[in-house]
Amino acid sequence: MKLSRPVSWFLLAFGVWSWVIWITFVKNLWKDGSGLAFDDAGDPTGYFWVHLTLAVVSFVLGTVVGTIGFRGIRALRRTS
């Protein structure tokens, strides 16, 4: 399968965007002072674990999508 240049760039940008957004989210989750992510004893709550799982899955998917875009761009440059 051959990806077009705009699609390849979109996939790469989506992968980078996913990493930027979710790194920021995890930092904010870790520093949460509202009591949602950590209970009074400082132990992680269910909210923390669910959102950390979402972030990890998004990191993996962002990496896969970004890699596909990067490989598409690289393949287009070789053929040009």
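The values are calculated or read from the model by the stated rules, or taken from the named source; none is laboratory data. Only a predicted model underlies this, so the values are computations on that prediction, with no experimental measurement involved. No Cβ is skipped: glycine too gets one built from the backbone with ideal geometry, and neighbour counts run over all protein chains shown. Heavy atoms of the whole protein, side chains included, go into the accessibility calculation; ligands, DNA and RNA do not. Shrake-Rupley method; radii C 1.70, N 1.55, O 1.52, S 1.80 Å.
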Helical mean residue ellipticity (222 nm; -39500 (n - 2.57) per DSSP H run of 4+; nearest 500) of the chain: -27000 deg cm²/dmol
Accessible-area composition of the chain, carbon plus sulfur, in percent [1.4 Å probe]: 70
Amide proton proximity set for residue 45, modelled H, under 5 Å, gap of 5+: 38, 39
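Going by accessible area, probe 1.4 Å, with all protein chains left in place, what is the ranking of 30, 22, 9, largest first?
Largest accessible area first, the residues go 30, 9, 22.
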Radius, Kirkwood style, for the chain when every pair of distinct Cα atoms is counted (Å): 14.2
Given charges at beta-carbon only (K, R positive; D, E negative), |dipole| of the chain in Debye: 1020
Between 0 and 90°, nearest 10: helix 5-30 axis offset from the chain longest Cα axis: 10
Cα long-axis angle, helix 46-79 against the chain (0 to 90 degrees, to the nearest 10): 10
Fluctuation leader among 42, 33, 69 - the chain, Gaussian network, Cα springs under 10 angstrom: 42
Surface accessible to a 1.4 Å probe, per residue, for the residues of the chain, Å²: 73
Area accessible to solvent at residue 34, 1.4 Å probe radius, in Å²: 80
Rounded Å value of the spacing that divides the Cα centres of the stretch 19-34 and the stretch 41-57: 11
